[in-house]
Amino acid sequence: MTSIRARFAPSPTGHLHVGGARSALFNWLFCRRNNGAFILRIEDTDIQRNIEGADAKLREDLRWLGIDWDEGPDVGGPYASYNQSERLDLYKAAERQLLETGKAYYAFDTADELDAMRKEAIARKDNFRYPRPSNFPSDADAEKARADGRPVVVRFAVPNEPITVHDEILGDVTFGAGEVEDLVIVKSNGWPTYHFAVVVDDEQMKVTHVLRAQEHLMNTPKHVFMQRALGYATPVYAHLPLVFNIDGTKMSKRDKHKVVRTAVKEKLKSKAWTKEDAANVAQCDPAAFDRWLDKADTEMDMSQVSRLAEPAGAVIPEIDVHDFRVSGYLPEALLNFIVLIGWLPGEFREKLTREEMIAAFSIDRIGKTPGRFDRDKLLSMNTDYCAAATPARMLEAFRDWAAVSNSPLASLDDATAARAIEACKGMRTLRDIETKAGILFAPDEAVQFDPAAVKKVLDKKDGAGYAMLAKLLPVIDAQEPWTAEAVDGLIKKLCESEGVGMGDIAQPLRVAVAGKPVSPGIGETLVLLGKGKTVNRIRRCLALQA
Ligand code: GLU
């Protein structure tokens with residue numbers, strides 16, 4: 001039996017999208033389950049779309065998720081290089097083979113000529129099919145065309161016959177004769193197209209199984225026709241269901257623009273902003289902003305869109321694996337969530353360790369219909385994972401999150417960080433630690449008193465909150481020892497002697513030390529802050545009183 005070899009083949013156009021992560025994960029699980037080899041191949045032949053550094057980002061995202069590869073960039077392997085841009089000789093040889101056997105041909109049409117042919121077809125109410133010449137141009141003809149300044153491409157002569165592609169998930173899918181047109185396999189710049197490079201490399205790298213997104217299903221007949229023409233083996237195909245948002249739209253990078261655009265439009269509609277204001281906030285040219293508003297996503301980059309988000313009251317949704325990392329998700333929770341998109345482990349299990357996923361994985365449990373990306377479910381899963389993780393794991397995860405999100409909490413020493421994590425038990429994401437406890441580690445002057453909280457917690461009942469703080473100040477100042485239990489005990493005693501509830505003391509204290517009625521348990525909060533700073537912050541707060 002030949003051993004299983006599968007690959008994940010991303011194009012280096014940015015961070016790893018969750019849909020890509022799902023494809024990578026399924027291939028990886030399939031290989032690990034069957035003692036196969038998992039290959040990472042970087043598909044970087046579309047030189048205009050490649051983004052500098054994206055290759056490294058993709059690898060980092062995969063490693064963060066705990067997905068490793070047996071062959072690929074960094075680790076090498078018997079079929080190196082694993083970057084397509086370094087494999088041009090192989091594509092050249094395959095191109096030659098097809099040209100010499102009459103299975104591919106040169107074409108010299110300019111973009112305008114192709115456009116005119118397309119328009120003519122539309123006028124005839126026909127589908128445009130590239131008209132294959134009856135005599136294929138020779139190498140000399142191609143040379144001459146090139147010398148005349150014409151773009152010379154190579155097209156594959158697709159056999160005029162129906163084709164049935166077998167898919168492990170969808171069954172047999174048949175495409176009629178003439179449905180696939182003579183596609184370009186080598187561009188005028190000499191670089192192979194995706195379709196051609198993928199076919200050559202799957203053969204050269206002895207790939208036995210291709211698990212990829214369903215959006216590639218229409219490409220598969222092209223690939224199988226080429227495999228036959230070149231005398232290659234056809235791998236086993238399994239096209240994975242798409243990843244949809246909960247509302248049934250396709251989950252894409254565009255969603256980030258959409259959310260911010262909707263919020264900006266609200267601001268414009270309510271006349272809170274003018275278009276000039278908005279363009280200023282984005283630091284964007286007004287005309288480009290206008291086009292962006294009209295759905296031209298490419299007119300603004302993500303940093304410009306991000307500048308608009310908070311002032312417009314929008315929260316940019318996480319789409320890439322890196323977004324979830326910055327938002328404070330644990331990789332093990334994200335991985336567990338992703339594996340359930342379109343795959344059923346059976347036995348009604350939802351929570352799976354990496355080992356359990358490997359043991360349970362099989363292609364026949366992958367569904368046909370799109371999987372939904374349910375953000376609430378992910379958040380609740382992450383909450384459970386945070387609660388179940390060991391303190392050592394949480395500390396490690398916290399360090400990683402603080403570093404990638406540029407959190408000021410990155411500078412905490414291990415002992416303090418561990419206490420902050422412990423104090424924030426019940427957190428949904430690691431970012432909650434910053435939201436809940438971040439202010440405790442900032443300078444006292446950084447505390448900003450939220451006017452609504454001041455009104456509700458301190459001002460009401462004739463300033464009962466302030467009065468309570470004034471009463472607390474000397475007691476706190478005199479308190480020894482300064483431990484969470486002792487501080488909680490002190491507050492409890494005061495509740496009894498004053499005949500008030502816990503909230504009547506804890507909430508004014510929270511507003512005094514954090515500026516808002518949100519913090520970890522009150523004893524833990526004050527101990528994390530330290531006695532001196534607690535006293536100082538209460539004094540600052542009392543000074544607010546008119
Ligand atoms: N480079 C392709 C992509 O990123 C790979 C598709 C495939 O797996 O064949 O979608």
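Quick notes on this one:
- Considering residues of region 12-41 that are modelled with pLDDT of 95 or more and polar (S, T, N, Q) only, the residue nearest to the ligand (Cβ to nearest atom): SER23
- Residue in region 163-172 that is under 23 Å from LEU40 (Cβ atoms), surrounded by 12 or more Cβ atoms within 10 Å (Cβ to Cβ), aliphatic (A, V, I, L, M) and within 16 Å of the ligand (Cβ to nearest atom) present: yes
- Selected residue (only one of GLY489, GLY463, GLY501 is out of contact with any helix residue (DSSP H, G or I) (no Cβ under 9 Å at 6 or more places or on another chain) and among the small types (Gly, Ala, Ser)): GLY463
- Yes/no for PRO235 being out of contact with any Cys (no Cβ under 8 Å at 6 or more places or on another chain) and within 13 Å of the ligand (Cβ to nearest atom): yes
- In the set (1) within 16 Å of the ligand (Cβ to nearest atom); (2) in contact with a helix residue (DSSP H, G or I) (Cβ under 8 Å, 6 or more places away or on another chain); (3) polar (S, T, N, Q), the condition left unmet by SER252 is number (2).
- With respect to the stated conditions, VAL207 is crowded, with 22+ Cβ neighbours inside 10 Å, within 12 Å of the ligand (Cβ to nearest atom) and at pLDDT 95 or above.
- Of the residues making up region 176-204, those that are surrounded by fewer than 21 Cβ atoms within 10 Å (Cβ to Cβ) and not in a loop (DSSP other than H, G, I, E, B) number 5.
- Screening region 283-332 for residues that are surrounded by 14 or more Cβ atoms within 10 Å (Cβ to Cβ) and basic (Lys, Arg) and picking the one that is nearest to the chain's Cα centre (by Cα) gives ARG325.
- Filter result (in a loop (DSSP other than H, G, I, E, B) and over 30 Å from ILE433 (Cα atoms)) within region 343-390: LEU344, PRO345, GLY346, GLU347, PHE348, PHE361, SER362, GLY367, LYS368, THR369, PRO370
The values are calculated or read from the model by the stated rules, or taken from the named source; none is laboratory data. Keep in mind the model is a prediction, meaning the values are calculated, not measured. With ideal geometry, Cβ positions are generated from the backbone for all residues, glycine too; neighbour counts draw on all protein chains shown.
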